Amino acid sequence: MSLRTPLGHAEGLGSAGHGTGHWWAQRISAVALIPLAPWFMWRLASMPTLWSHDLLQCFQGLGDATLLTAFLLALLY
C-alpha cells in the first residue's frame with residue numbers, strides 16, 4: 001500500500017513535448033492520400049488483369065512509380 005496521493009503519482013507524467021511533429025506528419029500523410037488513393041484505385045481498375053507482369057508494366061513509368069511510392073509512404077506512415 002502506498003501513502004502517496006494520486007497527484008503525487010501523476011506528477012511528471014505529463015506531455016513530453018514530442019507529439020506535435022508526429023501529429024502534423026499524420027495530417028500531412030492523410031491529406032496526401034486524398035488524391036493518391038483515387039489515383040491508385042483508378043490505375044488498378046484500368047488494368048486488364050492483376051497478374052504480376054501487368055502490375056510491373058503499369059507502374060514502370062517514372063510518374064506512376066513516383067506516385068506509387070508516395071502513396072505507399074503516406075499509407076504506411
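Quick one: 3J(HN,Hα) in Hz for segment 58-63, Karplus 6.51/-1.76/1.60 with θ = phi - 60°, rounded, Gly and Pro as x.
5, 9, 8, x, 4, x
Please check: in the Gaussian network model of the chain (C-alpha springs, under 10 Å), which one of W42, W24, W51 has the largest mean-square fluctuation.
Top of the fluctuation ranking is W51.
Quickly estimate the mean residue ellipticity at 222 nm for the chain, helices only: each DSSP H run with n ≥ 4 gives -39500 (n - 2.57), and the total goes over all residues, rounded to 500.
-22500 deg cm²/dmol
Each reported figure results from applying straightforward, stated rules to the coordinates on display, with no laboratory input. Fair warning: this is a prediction, and the values are worked out from it, not measured in the lab.
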